[in-house]
Amino acid sequence: MSIENSRNQAGGNSIVVAGVPEHFNLPWHLAIELGQFEDRGLRVSFDEVHGGTGEMCERLSKGDCDVAVVLTEGCVAALLNGVRGRIVKTYVDSPLLWGIHVAAESEIAQADQIENLRYAISRFGSGSHIMSIVDAAERDWPTESMKFVEVGSLKGARSALDKKDADVFFWERFTTSPLVRSGEFKWLADRAADWPAFVICATEEMVQNRSVELRSMLEIMNSSCRNLMSSTVACETIARRYNIELDAVREWFQMTRWNTGFDMDRSSFKSVKHYLYRLGIVTGDSREIDELCCDLSNVNR
């Protein structure tokens, strides 16, 4: 959906937020459904982006959204590679658990057998791309010769593995659990990131000209995240809305911590930056992490 259509639906001076159609973003949907943004005089629309962090960073770069909820590693890479925007908040403090998958009928049985295979990735610079390189590096495999097949989305990866156009795919483990359960994917192992899973990135225009609205919106999100974490029916709600087994949701919910303030662990962003340079994913940008972030804690309402 274009930003014009999103603005027309939510109102002319709305804030267009982009995010993946996954359980992590339930607090956004609940805040919209409960009218919490409207109560604060804000018009917020949430665009579900199936192409993941790579597509959302493209939208930010083109001005096709005002704010995006993106993977930390993908966001830092995009900003260092020239996308104009700022990290304004950590969204999920806990690290993301990436599942390593192959087609169910694949002869591959263990993760240490995937070296030299073709990796399906949503886009170059996306989490599925970066984390496959991180995984290879952690196994002391050469990363320069890795083979990638750009598939656009989870749907594209399903098709690529089914048609044998690619061999292995990294994606958030609980999102793919229904596909493992149905016998379409085979789960091999997990690869956990060493940094917060998601950050919220805003365009320079939002940061410079609409910081009060931005801060107000994020305050509402902090409240929505607190409410979800304290809800006694959160797991049942997530299981029903996202078609994930209740036991899997309970496991995920127990390990997931949304950030409910404006504190950002910039040392973790620096670790991501170091990793991106070491693996050759980012080259040539000398900007410091502080230049990529914007502290909204002192913005007056």
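The values are calculated or read from the model by the stated rules, or taken from the named source; none is laboratory data. All of these numbers come straight from a predicted model, not from anything done at the bench. Here the Cβ is made from the backbone with ideal geometry for all residues, glycine too, and neighbour counts use every protein chain on show.
Annotations
- Residue under evaluation residue 87, criteria (1) touching a strand residue (DSSP E or B) at 6+ places or on another chain (Cβ under 6 Å); (2) farther than 30 Å from residue 211 by Cβ, criterion not met: (2)
- Answer residue from the range 288-299, given it is surrounded by fewer than 15 Cβ atoms within 10 Å (Cβ to Cβ) and of a type outside the set (D, E, K, R) and is farthest from the chain's Cα centre (by Cα) among those: 298
- Any chance residue 66 is over 30 Å from residue 183 (Cβ atoms), crowded, with 24+ Cβ neighbours inside 10 Å and acidic (Asp, Glu): yes
- A residue that is assigned to a strand (DSSP E or B) and in contact with a Leu (Cβ under 7 Å, 6 or more places away or on another chain) occurs nowhere in the range 143-158.
- Hits in the range 267-287 - residues which are loosely packed, with under 11 Cβ neighbours inside 10 Å, under 24 Å from residue 208 (Cα atoms) and at pLDDT 85 or above: none
- Test: residue in the range 82-89 that is more than 14 Å from the chain's Cα centre (by Cα) and farther than 24 Å from residue 218 by Cα: yes
- When every residue of the range 51-67 is checked against the conditions, at least one turns out to be of a type outside the set (Lys, Arg), modelled with pLDDT of 95 or more and not in a loop (DSSP other than H, G, I, E, B).
- For the range 195-214, taking the residues that are assigned to a helix (DSSP H, G or I) and among the β-branched types (Val, Ile, Thr), the one that is surrounded by the fewest Cβ atoms within 10 Å (Cβ to Cβ) is identified as 212.
- Among the candidates 166, 136, residue that is part of a helix (DSSP H, G or I), buried (at least 16 other Cβ atoms within 10 Å of the Cβ) and of a type in the set (Gly, Ala, Ser): 136
- Counted residues, the range 170-194 - those being in a loop (DSSP other than H, G, I, E, B) and either within 23 Å of residue 258 (Cβ to Cβ) or in contact (Cβ under 8 Å) with a residue 60 or more places away in the chain (or both): 8
- Odd one out for residue 80 among (1) surrounded by fewer than 24 Cβ atoms within 10 Å (Cβ to Cβ); (2) more than 25 Å from residue 168 (Cβ to Cβ); (3) among the hydrophobic types (A, V, I, L, M, F, W, C); (4) in contact with a strand residue (DSSP E or B) (Cβ under 7 Å, 6 or more places away or on another chain): (4)
- Any hit, the range 174-190, residues being in contact with a strand residue (DSSP E or B) (Cβ under 6 Å, 6 or more places away or on another chain) and surrounded by fewer than 16 Cβ atoms within 10 Å (Cβ to Cβ): yes
- Residue count for the range 197-224, restricted to those that are more than 11 Å from residue 89 (Cα to Cα) and in contact (Cβ under 8 Å) with a residue 60 or more places away in the chain: 15.
- Cβ pairs under 9 Å, 6+ apart, first in the range 250-265 and among the basic types (Lys, Arg), second loosely packed, with under 15 Cβ neighbours inside 10 Å: 257/229
- Scanning the range 171-199 for residues that are under 17 Å from residue 75 (Cα atoms) and touching a helix residue (DSSP H, G or I) at 6+ places or on another chain (Cβ under 7 Å) yields 171, 193, 194, 195, 196, 197, 198, 199.
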